[in-house]
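Participant: So that we are looking at the same thing, I have put the structure below in structure tokens.
The values are calculated or read from the model by the stated rules, or taken from the named source; none is laboratory data. On a predicted model such as this, the values are computed, not experimentally measured, just so you know. Cβ placement follows ideal geometry from the backbone for every residue including glycine, while neighbour counts extend to all protein chains displayed. Heavy atoms of the whole protein, side chains included, go into the accessibility calculation; ligands, DNA and RNA do not. Shrake-Rupley method; radii C 1.70, N 1.55, O 1.52, S 1.80 Å.
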Amino acid sequence: MDSNHDEGVAKFTTDVQTGKFVDFSSAETDFGDRREEVRENNGKHIVSHFVQPPMGSGLTYDYEPDKAGELAYSFIAQHGQLTMYRLGGNKWMKCPIDLERVDFLGAGNEPGQIIVLGPRQEGKPRALQLMDSATGQLRDVLLQDPHYDFNGWLYRNPTTGDVLGAEFERDGPRMVWFNEDYSRLQKILDGFFPGLVVQVYGSDTAQKLFLVGTYSDKQPITYSWVNLETHAVGMIKNSAPWIDPQRMQPMNIIKFKTRDGRRLDAYLTLPAGASKANPPPLVVLSHGGPWVRDEWGFDGEVQFLAYHGYAVLQPNYRGSTGYDWMFPEEDEWNFLKMHDDVTDATKVIMASGLIDKDRVAIMGGSFGGYLAVSGVTHEPALYRCAVTNAGVFDWTLQVQSKKFDQYDSPTYGRLIEKLGDPKKEQAKFAAMSPINFVSQIRVPVFVAGGKDDHTVEIEQSKHLISALETNKVPYEKFFAGAEGHGMHHLKEQAELYDRIIVFLDKYLKSGRPVVAAQ
């Protein structure tokens with residue numbers, strides 16, 4: 001599965017001579033105990049040097065600084081339970097904070113103050129809120145949207161480290177400033193880049209020269225500098241200069257209703273020339289996670305599919321960030337209900353007349369790959385084919401594969417705590433694992449994966465292929481060596497998407513393939 005809140009952490013080490021923090025976070029492994037790291041830097045050793053959390057308290061999976069960048073907090077997992085500690089002098093002290101109720105987002109502006117995603121409230125979205133780390137007492141609410149839990153990042157003063165504002169995702173991106181000067185600044189910056197989303201990433205200490213990023217649904221992000229004194233603007237880097245925004249297609253924000261009456265967001269991108277008189281085939285693109293969300297903005301995968309003539313639907317289902325308040329807490333780990341939400345979104349678009357309801361595919365990577373196979377397993381008449389990359393199809397196997405790393409990573413403990421023990425809940429795990437229902441699949445499946453994937457082992461895909469062969473379900477496969485969770489090398493990416501387009505064209509632009517019942 002993709003990294004979630006518990007996994008999305010940064011590790012810090014200290015230069016013994018300067019006391020400055022250096023980020024040695026791993027791109028491959030989000031969890032891990034970095035209490036003792038040695039790196040060679042320009043011929044000089046940099047060694048971590050700080051007091052370790054209490055022995056026997058569990059696995060330390062995160063360290064976080066105060067607003068000045070000094071080490072302040074540590075986070076420990078033991079048997080799936082999460083605990084927070086604060087550093088006072090040379091001693092770690094346990095914080096009376098329930099990390100199942102609140103999520104740590106960063107240090108506040110005052111000593112000992114932290115900023116959290118606040119607890120659930122009946123009928124209200126979760127708020128961005130202050131908390132006292134020593135007492136666990138909630139303080140002022142900084143931001144509470146009427147429709148979405150806060151899900152975003154904090155912006156800090158480059159000199160003092162004080163939090164000045166926050167960006168978060170609703171149906172589209174929003175920037176909220178807690179400082180009037182920066183509210184005025186945002187209006188000025190928006191004026192320099194009309195029609196684009198403008199994000200502030202940093203500035204000089206005088207706060208006259210700013211680094212900003214600008215983007216839209218048709219333009220990839222471009223980094224620029226803005227000089228407020230001279231009113232000058234200059235580009236630093238276009239992240240994708242080969243993309244012509246004029247040839248890209250707009251991303252439309254829509255709402256759909258789930259079978260239990262909740263209204264969620266989805267994004268629909270139509271190819272050029274699409275109309276009700278000329279409805280295109282549809283690819284339902286389910287995001288991974290599941291505890292992230294699809295966002296409005298430029299998406300290369302979406303534009304690639306649209307260029308080849310496909311409409312693309314990106315449904316945000318329960319479990320996607322921003323929606324916790326809408327659903328019972330247990331729904332955060334109810335994968336079958338997430339599948340139902342994707343099905344409901346698909347049926348809404350099929351009934352709209354905007355797409356050809358007889359030519360629909362489902363596609364996704366990681367948890368999205370699970371949803372893709374779950375879709376053609378439990379809704380065999382809805383889709384013509386499925387594409388899955390690095391998906392999970394057997395949840396018992398997924399939990400068991402994490403047990404070997406339980407002393408280096410808290411993932412296994414969290415899965416047992418939240419999802420359950422497959423030894424004790426065999427029926428539950430069997431029901432949510434599409435590997436047990438492959439005989440119900442009636443359409444072709446494209447299966448891809450990296451042979452060196454340590455997040456979702458390639459055995460998941462191999463077992464799926466074996467089951468497809470047993471049940472005489474047509475399939476195609478692409479397994480790449482030297483690739484982990486997802487395809488990251490350009491050569492493999494190009495080959496993967498070339499094969500996907502050929503596969504989609506074969507089954508969405510021709511007669512409907514049918515697999516004979518077994």
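Participant: Quick one: Cα centre-to-centre distance for segment 87-125 and segment 416-462, in angstrom?
Facilitator: Here the answer is 35 Å between Cα centres.
Participant: OK, next. Quick check on the chain: what does the Kirkwood estimate of hydrodynamic radius come out to from the alpha carbon pairs, in Å?
Facilitator: Numbers: mean 1/r = 0.0403 Å⁻¹.
Computed over the chain, the radius equals 24.8 Å.
Participant: Hey, another quick one. Give the share of C-alpha pairs in each 10 angstrom bin for segment 89-233, from 0 to the last occupied bin, in whole percents, shortest bins first.
Facilitator: 10, 36, 30, 18, 5, 0
Participant: What is the log10 of I(q)/I(0) for segment 175-264, computed with the Debye formula using one identical point scatterer on each Cα and no solvent, at q = 0.13, 0.26 Å⁻¹?
Facilitator: Per q value, in the given order, log10 I(q)/I(0) is -0.56, -1.34.
Participant: How many angstrom lie between the Cα centre of segment 318-385 and the Cα centre of segment 182-239?
Facilitator: Cα centroid of segment 318-385 versus Cα centroid of segment 182-239: 37 Å apart.
Participant: Using a cut-off of 17 Å between alpha-carbon atoms, which lysines can reach Lys187, once sequence neighbours fewer than 8 places away in the same chain are excluded?
Facilitator: Straight-distance partners of Lys187: Lys208.
Participant: Just order 395-405, 327-337 by mean Cβ neighbour count inside 10 Å, highest at the front, would you? All intermediate terms of the calculation are to be shown ahead of the outcome.
Facilitator: Values: 395-405: 17.5, 327-337: 15.4.
With the highest mean Cβ count within 10 Å placed first, the list reads 395-405, 327-337.
Participant: While we're looking at this one, here's another question. Please enumerate, by chain and number, the aspartates and glutamates with C-alpha under 17 Å from the C-alpha of Lys418, excluding those fewer than 8 residues away in the same chain.
Facilitator: Candidates past the 8-residue exclusion: Asp2, Asp6, Glu7, Asp98, Glu100, Asp103, Asp324, Glu329, Glu330, Asp331, Glu332, Asp394.
Participant: Shifting gears a bit: At 1.4 Å probe size, put Lys451, Lys472 in order of accessible surface, largest to smallest. Spell out each step's value before the answer.
Facilitator: Details: Lys451 120, Lys472 140 Å².
Final ranking, largest accessible area leading: Lys472, Lys451.
Participant: Among the aspartates and glutamates, select those whose C-alpha is under 17 Å from the C-alpha of Lys491, and discard any that sit fewer than 8 residues away in the same chain.
Facilitator: Glu301, Asp452, Glu483
Participant: Let me ask another. Just add up the charged neighbours of Leu415: K/R +1, D/E -1, any other residue whose Cβ is under 10 Å from the Cβ of Leu415. Don't jump to the answer; show the numbers that get you there.
Facilitator: Working: positive: Lys402, Lys403, Arg414, Lys418; negative: Glu417, Asp421.
That works out to +2.
Participant: Quick one: net charge of Thr230's neighbours, Cβ under 15 Å, K/R +1, D/E -1?
Facilitator: Working: positive: Lys208; negative: Asp204, Glu229.
Combined, the nearby Lys, Arg, Asp and Glu give -1.
Participant: As a quick test, which of the pairs Lys67/Lys94; Lys218/Lys276; Lys237/Lys257; Lys337/Lys423 have an alpha carbon distance above 29 angstrom in this structure? Don't skip to the end; give the middle numbers.
Facilitator: On the way: Lys67/Lys94 20 Å; Lys218/Lys276 23 Å; Lys237/Lys257 40 Å; Lys337/Lys423 22 Å.
Going by Cα-Cα distance, Lys237/Lys257 fall outside the 29 Å limit.
Participant: Which whole DSSP H helices in the chain pass both tests: a Cα extent of 24 Å or more along the axis and a mean Kyte-Doolittle value no lower than -1.0? Mind showing how you got there, number by number?
Facilitator: Details: long enough: 490-508 (26 Å, 0.03).
Passing helices, by number: 490-508.
Participant: Let me ask another. Only helical DSSP H runs with n ≥ 4 go in: add -39500 (n - 2.57) per run for the chain, normalise by residue count and round the 222 nm mean residue ellipticity to 500 deg cm²/dmol. Write out the running numbers ahead of the final one.
Facilitator: On the way: 9 runs with 103 residues, N = 518.
When only DSSP H runs of four or more count, the value is -6000 deg cm²/dmol.
Participant: How would you rank 234-240, 309-315, 178-184, 384-390, highest first, on the average number of other Cβ atoms within 10 Å across their residues?
Facilitator: Working: 234-240: 11.1, 309-315: 25.3, 178-184: 13.3, 384-390: 27.4.
Answer by packing, highest mean first, reads 384-390, 309-315, 178-184, 234-240.
Participant: Just need log10 I(q)/I(0) for segment 462-514 at q = 0.14 Å⁻¹, Debye formula, equal scatterers on the alpha-carbon atoms, no solvent, rounded to two decimals.
Facilitator: Result of the Debye calculation: -0.50.
Participant: Among residues other than Gln460 whose Cβ falls under 10 Å from its Cβ, what is the net charge (Lys/Arg +1, Asp/Glu -1)? Walk me through the numbers before you get to the answer.
Facilitator: Details: positive: Lys462; negative: Asp394, Asp453, Glu457, Glu459.
Result for the neighbourhood of Gln460: -3.
Participant: Then there's this: Give the Rg (one decimal place) followed by the Dmax (whole number) of segment 389-518, computed from C-alpha coordinates and expressed in Å.
Facilitator: 16.5, 52
Participant: Counting only heavy atoms of protein chains, what accessible area per residue, in Å², does the chain have with a probe of 1.4 Å?
Facilitator: On the way: 23340 Å² over 518 residues.
Normalised by residue count, the accessible surface of the chain is 45 Å².
Participant: Still on this structure, I have one more. Take the Cα coordinates of segment 114-173, assign each an equal point scatterer, and use the Debye formula without solvent to give log10 I(q)/I(0) at q = 0.12, 0.25, 0.29, 0.30 Å⁻¹.
Facilitator: The Cα Debye sum returns log10 ratios of -0.31, -1.09, -1.24, -1.27.
Participant: Which of the residue pairs Lys403/Lys477; Lys428/Lys472; Lys462/Lys509; Lys124/Lys347; Lys402/Lys506 have a Cα-Cα distance greater than 31 Å in the structure shown? Can you show the working numbers first?
Facilitator: Numbers: Lys403/Lys477 28 Å; Lys428/Lys472 27 Å; Lys462/Lys509 28 Å; Lys124/Lys347 28 Å; Lys402/Lys506 37 Å.
Table pairs above 31 Å Cα-Cα are Lys402/Lys506.
Participant: If you don't mind, there's one more thing I want to ask. Using the 2.2 N^0.38 Å rule of thumb for compact globular proteins, work out how segment 314-408 stacks up: its C-alpha Rg over that value, please.
Facilitator: Details: Rg = 15.1 Å, N = 95, 2.2 N^0.38 = 12.4 Å.
That works out to 1.22 for segment 314-408.
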